[in-house]
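Step one of this worksheet: look at the structure below.
The values are calculated or read from the model by the stated rules, or taken from the named source; none is laboratory data. Only a predicted model underlies this, so the values are computations on that prediction, with no experimental measurement involved. Calculation scope for accessible area: heavy atoms of the full protein, side chains included, ligands and nucleic acids excluded. Shrake-Rupley method; radii C 1.70, N 1.55, O 1.52, S 1.80 Å.
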Amino acid sequence: MPMPTQPGPRDYENLARVAQGQAATVDEAAAERLIAAGLVLQMEASEVAPASLQLTPAGLALIRSSDQ
């Protein structure tokens with residue numbers, strides 16, 4: 001499901017979790033919304049790290065702007 005024009009409070013909470021390294025606490029539907037909106041990337045598992053979410057530059061900018 002695409003994200004509305006303005007992210008909601010839950011979207012900001014989930015972005016903050018990703019930024020804090022707590023991506024495992026973001027449910028799959030919320031993660032898919034953030035990925036579809038271009039705010040996070042799904043990082044595949046490797047030999048040294050499990051699969052995770054990472055902020056994109058747009059996601060980082062949104063987090064920074066919400067702090068001000």
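Within region 12-37, being closer than 21 Å to A49 by Cα and either more than 9 Å from the chain's Cα centre (by Cα) or open to solvent by 60 Å² or more (accessible area, probe 1.4 Å) (or both) holds for R17, Q20, G21, Q22, A24, T25, D27, E28, E32, I35.
Within region 43-59, the set of residues being within 22 Å of Q6 (Cα to Cα) and open to solvent by 70 Å² or more (accessible area, probe 1.4 Å) comprises Q54, P57.
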